[in-house]
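Okay, so here's the structure we're looking at.
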Number of protein chains: 2
Amino acid sequence: MPSYSAPVDEVLFLLSDVLHWDRHSNLPGFGEADLATVEIVLREAAKLCEQAFQPINLTGDREGCRRNPDGSVTTPAGFKEAYRAYAQGGWVGLSADSAWGGQGLPYTVASIVNEFAAAANMSLTMYPGLTQSAIAAVNAHASQELKQLYLPKMVAGEWSGTMNLTEPQCGTDLGLITTQAIEDGRGAYRLHGTKIFISAGEHDLCENIVHLVLARIEGAPPGTKGLSLFLVPKFEARPDGSLGERNTLSCGSIEHKMGIHGNATCVMNYDGARGWLVGEANRGLAAMFVMMNEARLGVASQGLAQSEVAYQNAARYARERLQGRALGRRGANGRADPIIVHPDVRRMLLSIRAFNEAARALLAYASLQADVARVSADPAEKLHAEDRLGLLTPVLKGVLTDRGFDNAVLAQQVFGGHGYVAEHGMEQFVRDARITMIYEGANGVQALDLVGRKVPRDGGRAIRSFLDEIDASLSDAPEQELEPIRLAVKESLEHIRQASFWLLENGLANPDNAAAGSYDYMHLLGGVALGYMWLRIAKAALLRKSAGVEAPELDAKLRLAKFYCGRMLPETGLRLARIRCGAQDLMSIPAEVF
Amino acid sequence: MPSYSAPVDEVLFLLSDVLHWDRHSNLPGFGEADLATVEIVLREAAKLCEQAFQPINLTGDREGCRRNPDGSVTTPAGFKEAYRAYAQGGWVGLSADSAWGGQGLPYTVASIVNEFAAAANMSLTMYPGLTQSAIAAVNAHASQELKQLYLPKMVAGEWSGTMNLTEPQCGTDLGLITTQAIEDGRGAYRLHGTKIFISAGEHDLCENIVHLVLARIEGAPPGTKGLSLFLVPKFEARPDGSLGERNTLSCGSIEHKMGIHGNATCVMNYDGARGWLVGEANRGLAAMFVMMNEARLGVASQGLAQSEVAYQNAARYARERLQGRALGRRGANGRADPIIVHPDVRRMLLSIRAFNEAARALLAYASLQADVARVSADPAEKLHAEDRLGLLTPVLKGVLTDRGFDNAVLAQQVFGGHGYVAEHGMEQFVRDARITMIYEGANGVQALDLVGRKVPRDGGRAIRSFLDEIDASLSDAPEQELEPIRLAVKESLEHIRQASFWLLENGLANPDNAAAGSYDYMHLLGGVALGYMWLRIAKAALLRKSAGVEAPELDAKLRLAKFYCGRMLPETGLRLARIRCGAQDLMSIPAEVF
């Protein structure tokens, strides 16, 4: 049976020694969230995830969700109880505004808790995860009246949230949305249409579901400029917080899919369902993007989460499974050695781990930017944080999910044939991780967002500032032990600068050139960013050691930093070479020959 | 619904123009298999695979295999009929000796047919595929009496075969096998033990199943030197070909696993089951290796097969799915463009295709070596072919399955969310492809076989000769159009030479250094070999064009060759850099810190 132990100590090291949590105490909300408080919160979260979420992950996958003849959906055994414990513990509203009953903690803390929860049980975590994103969108754009009616219940986890974008004929291209909204003359709209792939669209975990639906008001312009966002509840909210009328929306079916079987992926039918505008008419995409940006970071953390739980189980298996002898000890009789003696098994494990620790650091780093962007009173600081967050969001979404999936596959490989059968849970991690590369914008779309929008925006201000920060960190790490790490990061920094320059030069003349290199650029920037994190982690580990702390974990961090920089970071050179190939080789083959 | 069209024309081009099939007509068996005959065979095979195998692939996955209370196993609907058509068409014994009723065609032809069949329905193809490997082992090592009793039925597909190696405590490390064989004093043995992960261990496709079982004769030495191979039939064969006594073996359960649901993966219990020795006592591993080597090429072809069928479906989807506009045409009204206009979609598709065509060439090239090794009367030619085949078998198994899986994932990505749901079949290709990286020796074990045995054997004779052949092909391709391909292959050839030298220099002192680089070395050699194939394919395409043949497919081959050499082959430099990292960074972290 698989197991999971939340990496609380590692997170605390990251927050304190690498990200210097205490330097943020001047930010609103951070004063009450000193490291001691955060530690208490994380240890509580770890307990809940390990004891309530994880034990029903494998069984939830096996059982899946069931749509009943009346259109209701039954989640797997135990999900209801675990969800209740989560909601009642205040975890849904962990970083929500205290005005709506939230805990008001930094988003960074919620993001870390989300990693723990997704590692323990991704399907279950998606239900409150979507609620959190819906809360953010409603809070940012809805009228005060809607907020008062819906936010307290959502923050308390009594009602859940969803996002409804996709239709059969449109996924990425939201301009093709046809769901219609017709004014009812009483301040609301009637929605008509079908949405597909709606995660948590119907379930039995709580009494009400608040759907945020992109639709087109009668007479609106075509394309994305005619989209509006609506709040469409399963049951209308009465002012006293009780449930009103059942809305005319229903779950038509649930998808049979590769993984996340414990989460109901629904076809949602809106048959004149009553909905209220969130934000301005025809500005729905902007409102939805609040939800999507937060959700993208959440998906990045799911990728990391699957990588982490897969790693933990593979490492344990490698320490325990006796098979073969260490090289050079062939022919020795007696029992076999644990397979962790084999260099190739270690290669697999360390490749995962060298990613996980840096990815967790980068996600926390970006989450901190999200906090600063949200609460800072200093306009310059706020702008800087927004730049950084905007730049890193597609990178985190794309890279952490691509690598998270690859790592789940690697961890499964450590188990040999035992990884292919269901009982060890490894194949579930692979199947669950796979969706993270697709939803909330497929990773190719993230790459286009990065290269087409985030990098060129404002004359490249965000990317230049981030690369300069990395550059500065090189001079800030003079220690001799850091030399190989510093050199490797420096070389990769040169690669991303050259790639950026190449895209600038060649993408303007022909946008296909930028698009052709976008995917490699995303991974190149991700590789550099993770190398930067390793430099900071290694520096922090050295500092602790020089303060007299001796721990094998600190030595391991230094070795992992070198491992990453020696074996993984050099990939940036290959990415640069591919980017320089441009679009010609891609575009010159006629479509009909494919 | 997924579809499949066997690439017959492409195969014929490979055989005629790239591999010069007619130059082999002097080999026994090749005279009757001229290209016109091969074409007829392949078109028949394509029809059967497309019309009988493919339509029950998705349904077979959904339905899976069922173990009944009496221990029998029911395969998915339609499998029995499709299997019967296959067996009655003579496909099981396509390359088997005509003395046993086989068609006596070259193994190369059978290998190509196996790719078609596995692309159409991998689970179903595994049943006769294992029979083919069992036939090879029995033919090579069993007594004349056993051959006469069993081979005609197996070759006819009336009885199927299996291989029984794995036990709960041993997978890779066969020395740990504990299944016991006790002489019964009447020329046979009684087997006691449990085998796991036995593909096609029990099923309803044919009346009898012939298990080849590795076990330890009472008093045999420990380790692999005490293993013997036994033929253990479900029903004993009577001399008249009818079924005798039911043997005391049974399927204890079938595994719940990630994919290949249509194939029954069984726990097999041998409770004093009667078996006959195949080959000499305590030489079972050598006999089993005949089966495993053939099976490894078969698994390589499964990897390619999943990549091919996934590609075909993704390419079709990309040509048909309307979503978004081509870059530079944003804001245009009217309907959307097919997604194949997007460079990043093309990047995904071409990455797959640039692999598939070269991988198919390399597999056919190696299969031809298998034929030469088997039938050549010239000892020097035979030895050369054995060297080449031995060297390439682990590379094909490791690289074609790793990349085959990656490509299935890429092809799934082209579908976005529609790739994650079951109905398009893309997620099945991913799940089915995943096992190919694991069974018949996990890919890490292939890499160790390559670096620890195949490369150093006979003073490196096989690798030197192969690299010299590639080198010679560079001078044999002076055409200006081939310049970028030639240069790229040349550079990668230098990488593999340097890597080989590094391993030689550093692996002797510390075998961990060789093991640490083994995986990258396998992929480095695979990358070079595929580049070599592209050089040959491109040269052949140019030659056809210069003969006045104009076809967009020929132009596409030239472009794909450049695509492979520009974007994919440069990976060899990264592999070399990793190999040079050696073992130190892997081995220096204590096991308990993992």
If we scan region A:476-496, do we find a residue that is farther than 24 Å from A:L560 by Cα and among the hydroxyl-bearing types (S, T, Y)?
no
Going by what's in this entry, would B:L400 be described as out of contact with any Gly (no Cβ under 8 Å at 6 or more places or on another chain), away from chain A (no Cβ under 13 Å) and within 29 Å of B:G459 (Cβ to Cβ)?
no
I'm trying to understand the selection: among the residues of region B:559-583, which are open to solvent by 20 Å² or more (accessible area, probe 1.4 Å), touching a residue at least 40 places away in the same chain (Cβ under 8 Å) and of a type in the set (D, E, K, R)?
B:K562, B:E571, B:R575, B:R578, B:R580
Mind checking whether some residue in region B:314-321 is open to solvent by less than 10 Å² (accessible area, probe 1.4 Å), within 14 Å of chain A (Cβ to nearest Cβ) and out of contact with any Pro (no Cβ under 7 Å at 6 or more places or on another chain)?
yes
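Mind checking which residues of region B:243-271 are among the polar types (S, T, N, Q), touching a residue at least 60 places away in the same chain (Cβ under 8 Å) and either part of a loop (DSSP other than H, G, I, E, B) or within 20 Å of B:R190 (Cβ to Cβ) (or both)?
If we filter region B:243-271 for residues that are among the polar types (S, T, N, Q), which is where we start, we get B:247-248, B:250, B:253, B:263, B:265, B:269.
Add one more test, that the residue is touching a residue at least 60 places away in the same chain (Cβ under 8 Å), and what stays is B:250, B:253, B:263, B:265, B:269.
Passing the criteria: B:S250, B:N263, B:N269.
Does A:L396 count as in a helix (DSSP H, G or I) and buried (at least 24 other Cβ atoms within 10 Å of the Cβ)?
On the way: in a helix (DSSP H, G or I): yes; buried (at least 24 other Cβ atoms within 10 Å of the Cβ): yes.
When the stated conditions are applied, A:L396 passes them.
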Exactly one of B:W91, B:W100 is more than 30 Å from A:Q323 (Cα to Cα) and touching a Lys or Arg at 6+ places or on another chain (Cβ under 8 Å), and that one is B:W100
The lone condition B:Y439 fails out of (1) within 14 Å of another protein chain (Cβ to nearest Cβ); (2) outside any loop (DSSP other than H, G, I, E, B); (3) not aliphatic (A, V, I, L, M) is (2)
Quick one: in region A:576-594, of everything that is in a loop (DSSP other than H, G, I, E, B) and not small (G, A, S), which residue is farthest from the other protein chains (Cβ to nearest Cβ)?
A:R580
Looking at this structure, is B:G324 crowded, with 19+ Cβ neighbours inside 10 Å, at positive phi and not in a helix (DSSP H, G or I)?
yes
Test result for A:E294, modelled with pLDDT of 95 or more, under 20 Å from A:Y150 (Cα atoms) and charged (D, E, K, R):
no
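May I ask you to verify whether A:C251 is within 14 Å of chain B (Cβ to nearest Cβ), at pLDDT 95 or above and open to solvent by less than 20 Å² (accessible area, probe 1.4 Å)? Steps first, answer last, please.
On the way: within 14 Å of chain B (Cβ to nearest Cβ): no; at pLDDT 95 or above: yes; open to solvent by less than 20 Å² (accessible area, probe 1.4 Å): yes.
Spelling it out, it is not the case that A:C251 is within 14 Å of chain B (Cβ to nearest Cβ), at pLDDT 95 or above and open to solvent by less than 20 Å² (accessible area, probe 1.4 Å).
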Counted residues, region A:25-53 - those being modelled with pLDDT under 95 and either open to solvent by 40 Å² or more (accessible area, probe 1.4 Å) or among the charged types (D, E, K, R) (or both):
5
Which one is farthest from the other protein chains (Cβ to nearest Cβ), of the residues in region B:168-189 that are modelled with pLDDT of 95 or more and crowded, with 20+ Cβ neighbours inside 10 Å?
B:Y189
Just name the residue that is farthest from B:M1 (Cα to Cα) out of those in region B:52-68 that are touching a Pro at 6+ places or on another chain (Cβ under 9 Å) and part of a loop (DSSP other than H, G, I, E, B).
B:C65
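Take the conditions within 12 Å of another protein chain (Cβ to nearest Cβ) and touching a Phe, Trp or Tyr at 6+ places or on another chain (Cβ under 9 Å) and apply them to A:I496. Does it pass?
Values: within 12 Å of another protein chain (Cβ to nearest Cβ): no; touching a Phe, Trp or Tyr at 6+ places or on another chain (Cβ under 9 Å): yes.
In short, no.
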When you go through (1) within 29 Å of B:D432 (Cβ to Cβ); (2) not in a loop (DSSP other than H, G, I, E, B) one by one for B:R274, which number turns out not to apply?
(1)
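Can you confirm whether A:S465 is free of Cβ contacts under 8 Å to residues at least 60 places away in the same chain and of a type outside the set (K, R)? Break it down stepwise before answering.
Working: free of Cβ contacts under 8 Å to residues at least 60 places away in the same chain: no; of a type outside the set (K, R): yes.
Considered against the rule, which asks whether it is free of Cβ contacts under 8 Å to residues at least 60 places away in the same chain and of a type outside the set (K, R), A:S465 comes out as no.
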Taking into account only those residues within region B:254-297 that are of a type in the set (S, T, N, Q) and on the phi < 0 side of the Ramachandran plot, which is most open to solvent (accessible area, probe 1.4 Å)?
B:N293
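For every residue, the table says whether it meets (1) touching a residue at least 24 places away in the same chain (Cβ under 8 Å); (2) more than 13 Å from chain B (Cβ to nearest Cβ); (3) in contact with a Cys (Cβ under 7 Å, 6 or more places away or on another chain); (4) not hydrophobic (A, V, I, L, M, F, W, C).
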{"site": "A:A326", "(1), (2), (3), (4)": "no, no, no, no"}
{"site": "A:P338", "(1), (2), (3), (4)": "no, no, no, yes"}
{"site": "A:S351", "(1), (2), (3), (4)": "yes, no, no, yes"}
{"site": "A:S367", "(1), (2), (3), (4)": "yes, yes, no, yes"}
{"site": "A:D371", "(1), (2), (3), (4)": "yes, yes, no, yes"}
{"site": "A:V375", "(1), (2), (3), (4)": "yes, yes, no, no"}
{"site": "A:R388", "(1), (2), (3), (4)": "yes, yes, no, yes"}
{"site": "A:G417", "(1), (2), (3), (4)": "no, no, no, yes"}
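Residues in region B:381-389: is at least one open to solvent by less than 20 Å² (accessible area, probe 1.4 Å) and under 19 Å from the mean Cα position of the chain (by Cα)? Lay out the reasoning, then the answer.
So the first thing to find is which residues in region B:381-389 are open to solvent by less than 20 Å² (accessible area, probe 1.4 Å), and the list is B:385, B:388.
Those still in the list that are under 19 Å from the mean Cα position of the chain (by Cα) too: B:385, B:388.
Yes, because at least one residue in region B:381-389 is open to solvent by less than 20 Å² (accessible area, probe 1.4 Å) and under 19 Å from the mean Cα position of the chain (by Cα).
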Scope region A:265-284; condition under 25 Å from A:A82 (Cβ atoms) and within 13 Å of chain B (Cβ to nearest Cβ); matching residues:
A:T265, A:C266
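Go over the candidates A:A515, A:A551, A:A547, A:A556 one by one and state the one that is over 19 Å from A:R403 (Cα atoms), open to solvent by 40 Å² or more (accessible area, probe 1.4 Å) and hydrophobic (A, V, I, L, M, F, W, C). It would help to see each step written out before you state the result.
Working: A:A515 fails: open to solvent by 40 Å² or more (accessible area, probe 1.4 Å); A:A551 fails: open to solvent by 40 Å² or more (accessible area, probe 1.4 Å); A:A556 fails: open to solvent by 40 Å² or more (accessible area, probe 1.4 Å).
Exactly one of A:A515, A:A551, A:A547, A:A556 is over 19 Å from A:R403 (Cα atoms), open to solvent by 40 Å² or more (accessible area, probe 1.4 Å) and hydrophobic (A, V, I, L, M, F, W, C), namely A:A547.
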Can you tell me which residues in region A:69-95 are within 19 Å of A:Y4 (Cα to Cα) and of a type in the set (D, E)?
none
Kindly indicate whether A:L285 is assigned to a helix (DSSP H, G or I) and modelled with pLDDT of 95 or more.
no
Filter result for A:S465 (of a type outside the set (A, V, I, L, M, F, W, C) and closer than 22 Å to A:A541 by Cβ):
no
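Quick grid of which residues meet (1) within 14 Å of chain B (Cβ to nearest Cβ); (2) open to solvent by 10 Å² or more (accessible area, probe 1.4 Å):
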residue	(1), (2)
A:F116	no, no
A:S143	no, yes
A:M154	no, no
A:H192	no, yes
A:I196	yes, yes
A:H203	no, no
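From the residues in region B:227-242 that are in contact (Cβ under 8 Å) with a residue 24 or more places away in the chain and surrounded by fewer than 16 Cβ atoms within 10 Å (Cβ to Cβ), which one is farthest from A:H418 (Cα to Cα)?
Residues of region B:227-242 in contact (Cβ under 8 Å) with a residue 24 or more places away in the chain: B:227-237, B:239, B:241.
Narrowing the set further to residues that are surrounded by fewer than 16 Cβ atoms within 10 Å (Cβ to Cβ) leaves B:239, B:241.
Values: B:P239: 40, B:G241: 38 Å.
Result: B:P239.
The values are calculated or read from the model by the stated rules, or taken from the named source; none is laboratory data. All of these numbers come straight from a predicted model, not from anything done at the bench. FYI the Cβ positions are ideal-geometry reconstructions off the backbone, even for glycines, and counts take in every protein chain you see. Calculation scope for accessible area: heavy atoms of the full protein, side chains included, ligands and nucleic acids excluded. Shrake-Rupley method; radii C 1.70, N 1.55, O 1.52, S 1.80 Å.
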